[in-house]
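See structure below.
The values are calculated or read from the model by the stated rules, or taken from the named source; none is laboratory data. Not measured: the values here are computed from a predicted model. Cβ atoms come from the backbone with ideal geometry, glycine included; neighbour counts cover every protein chain shown. Note: areas computed on protein heavy atoms with side chains; ligands, DNA, RNA excluded. Shrake-Rupley method; radii C 1.70, N 1.55, O 1.52, S 1.80 Å.
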Amino acid sequence: MKRLIAILATVLAAMNVCALPEWPRKYATSVIRGRVHNLPDSIKYVASIWGGASNVKEEQFPYDIKDSLGVFSMKWDMCWPMAFGLEICNCSLGLLLCPGDTIDVDMDYERYQEVKDDVERVFTEAVHIRGGFIRLTPEYRRLCQKLQFEASVIPKDYLEEHRDQSFEEYRERVWEKHLARLDAVMASSLQPEEKEHLRLEMETTYLRRVNSYDFFKRVIGCSKEEVEDFAAQKTLVDPHAESLAFPRSLTGAYYFGEEHLAYLRANGLDNLPLGRYLQEREKVSQIVARLKAFRPVSAETIDSLSPEFRQPLHELAKAAQDYADWIPTGEQSTWLRQIVNRHKGNVVFVDYWATWCGPCRTGIKEMSKVKDEYEKRGVDFVYITDSSSSTDGYLDLRKNHSGDHFIFQKSDIGKMSIPGYDGSIPHYIIYDRDGRLIKHITGWNSLEDMTQELDNALER
């Protein structure tokens, strides 16, 4: 063990752990724009993007960007840096972005088709990227892909020999593999900032692999009971935590989010720079959850945060104040009954939905075709979502669909005594004119089925 720690100390000393420039702590608009040349008519969706949270107000990136001319542009406000993926006509790009950055991408589709099997030629002849925080070279991409693949492969003979491996034994093997990957990074000809960035990638991989202990047992073929027994051995306390570099600098914010706070706390590292920052991010998330549920938060509380968080939270607080209306009070288990009781004399159609749920949006779109008719016949529509929904998406639905709208904190939804609800959405509940439960339905089937249910309720 001492030898392993000594090796890592040597590696970290050799790697410039401050090679990545400090990212600007600010709230600013970031832009990705580009053009695809020689685009065939058969290509309908030019670009799509995926990644982590980008904004305290809006959790999701824009989705597919369609433009038959091959021109695309995306922009959103950011409070913190991130690594994310951008796909252009099936060409996947890994990018780093900071608040206020602009990235320009220029792609020759025909040339890409000719050289797409050669990573280096792709990024020298077919795809050109300008701007952004760090430009990652083809060598970086090749090495990262190779190391990630190696980290994901477990030899068959190892699986057969280590069926009864304890969590500590498993973690030691993962650690040794992690050190070997760091050696490979050091032996490469990457630039210092690329090496540091790749080290962050490898540290996230290490933590993911350690956390995959029970999955490893399932792959081996252990029974459900055995997997549960093995999983009980897992702990966040890690003798190698002190040797990891990500907690010691805010550059770790690229890959390590609030979900890693528990690891830092378990190992007494939460007072290091990244830990302190993530604790503030955690506080921001709690404030966002309250504001999205239209619960008051004082201006003093918001102003106690770092500057980059203040403006978006004040904007969100204003929206909460502007849209705040009647909300249920008391125990969460009574909230649904309070809501339904406001509509005595009418049939009540309750729709549990979320902005990120495709079937939910389909159901709302389909019901909008007959909504006016049923409102005239005495059906009141109630829409309920939780704080996992984006604020903008919630307010857009509220603006364009009449009815009662509620957005509650996610933790409250589970306490609301929702008939038939098992966490799956969309989920619908129908009450008669006297507030009696008629039916609950999980999942969207068809407009015909739903209108039949409403017709039956109106005829009672």
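Identify the single condition in (1) in a helix (DSSP H, G or I); (2) out of contact with any Ser or Thr (no Cβ under 6 Å at 6 or more places or on another chain); (3) not aromatic (Phe, Trp, Tyr) that His405 does not satisfy, given that it satisfies every other one.
Answer for His405: the failing condition is (1).
Please specify each residue of segment 346-392 satisfying the condition of being open to solvent by 50 Å² or more (accessible area, probe 1.4 Å), without any contact (Cβ under 8 Å) to a residue 40 or more places away in the chain and assigned to a helix (DSSP H, G or I).
Selection gives Arg361, Lys365, Asp372, Glu373, Glu375, Lys376.
Could you grab me the full set of residues in segment 68-95 that are in a strand (DSSP E or B), surrounded by 19 or more Cβ atoms within 10 Å (Cβ to Cβ) and touching a helix residue (DSSP H, G or I) at 6+ places or on another chain (Cβ under 8 Å)?
Once the filter is applied, which keeps residues that are in a strand (DSSP E or B), surrounded by 19 or more Cβ atoms within 10 Å (Cβ to Cβ) and touching a helix residue (DSSP H, G or I) at 6+ places or on another chain (Cβ under 8 Å), segment 68-95 yields Met82, Ala83, Cys91.
For Phe381, only one of the following conditions fails: (1) of a type outside the set (D, E, K, R); (2) out of contact with any Leu (no Cβ under 8 Å at 6 or more places or on another chain); (3) closer than 21 Å to Gln332 by Cβ; (4) at pLDDT 95 or above. What is its number?
Here Phe381 meets the rest and fails (3).
Please work out which residue is nearest to Thr205 (Cα to Cα), limiting yourself to segment 240-261 and to residues that are without any contact (Cβ under 8 Å) to a residue 60 or more places away in the chain and open to solvent by 50 Å² or more (accessible area, probe 1.4 Å).
Pass one, segment 240-261, residues without any contact (Cβ under 8 Å) to a residue 60 or more places away in the chain: 241-242, 244, 246-247, 252, 256, 258-261.
Now narrow it down to the ones that are open to solvent by 50 Å² or more (accessible area, probe 1.4 Å): 242, 258-259.
Details: Glu242: 17, Glu258: 17, Glu259: 14 Å.
Residue satisfying both the conditions and the ranking: Glu259.
How many residues are at pLDDT below 90, in a helix (DSSP H, G or I) and farther than 12 Å from Val284 by Cβ if we restrict to segment 314-328?
8
Being in contact with a Phe, Trp or Tyr (Cβ under 6 Å, 6 or more places away or on another chain) and in contact (Cβ under 8 Å) with a residue 40 or more places away in the chain is the filter here, so list the residues in segment 393-409 that pass it. Outline the logic, then answer.
Within segment 393-409, the subset in contact with a Phe, Trp or Tyr (Cβ under 6 Å, 6 or more places away or on another chain) is 403, 405, 407.
Scanning segment 393-409 gives a single hit, Ile407.
All but one of (1) modelled with pLDDT of 95 or more; (2) surrounded by fewer than 17 Cβ atoms within 10 Å (Cβ to Cβ) hold for Tyr428; which doesn't?
(2)
Check segment 298-313 and report whether any residue there is under 22 Å from Leu395 (Cα atoms) and assigned to a loop (DSSP other than H, G, I, E, B).
Yes: segment 298-313 contains one or more residues that are under 22 Å from Leu395 (Cα atoms) and assigned to a loop (DSSP other than H, G, I, E, B).
Take the residues in segment 147-169 that are within 27 Å of Ala83 (Cβ to Cβ) and out of contact with any Ser or Thr (no Cβ under 9 Å at 6 or more places or on another chain), then tell me which one is surrounded by the most Cβ atoms within 10 Å (Cβ to Cβ).
Ile154
Quick check, is Glu150 within 28 Å of the chain's Cα centre (by Cα), assigned to a helix (DSSP H, G or I), under 18 Å from Leu20 (Cβ atoms) and of a type outside the set (A, V, I, L, M, F, W, C)?
No; evaluated as a whole, the condition is false for this residue.
Can we say Glu308 is among the acidic types (Asp, Glu), in contact with a Pro (Cβ under 8 Å, 6 or more places away or on another chain) and farther than 15 Å from Gln409 by Cα?
Yes; evaluated as a whole, the condition is true for this residue.
Would you be able to tell me the number of residues in segment 262-294 that are part of a loop (DSSP other than H, G, I, E, B), over 30 Å from Asn211 (Cβ atoms) and either within 20 Å of the chain's Cα centre (by Cα) or without any contact (Cβ under 8 Å) to a residue 60 or more places away in the chain (or both)?
1
Being open to solvent by less than 60 Å² (accessible area, probe 1.4 Å) and in a helix (DSSP H, G or I) is the filter here; which residues of segment 220-239 pass it?
The answer is Ile220, Val227, Phe230, Ala231.
So, Ile407, is that one β-branched (Val, Ile, Thr), open to solvent by 10 Å² or more (accessible area, probe 1.4 Å) and in contact with a strand residue (DSSP E or B) (Cβ under 8 Å, 6 or more places away or on another chain) or not?
no
Mind counting the residues in segment 171-219 that are over 17 Å from Ala245 (Cα atoms), open to solvent by less than 30 Å² (accessible area, probe 1.4 Å) and in contact with a Leu (Cβ under 8 Å, 6 or more places away or on another chain)?
Matching residues across segment 171-219 total 2.
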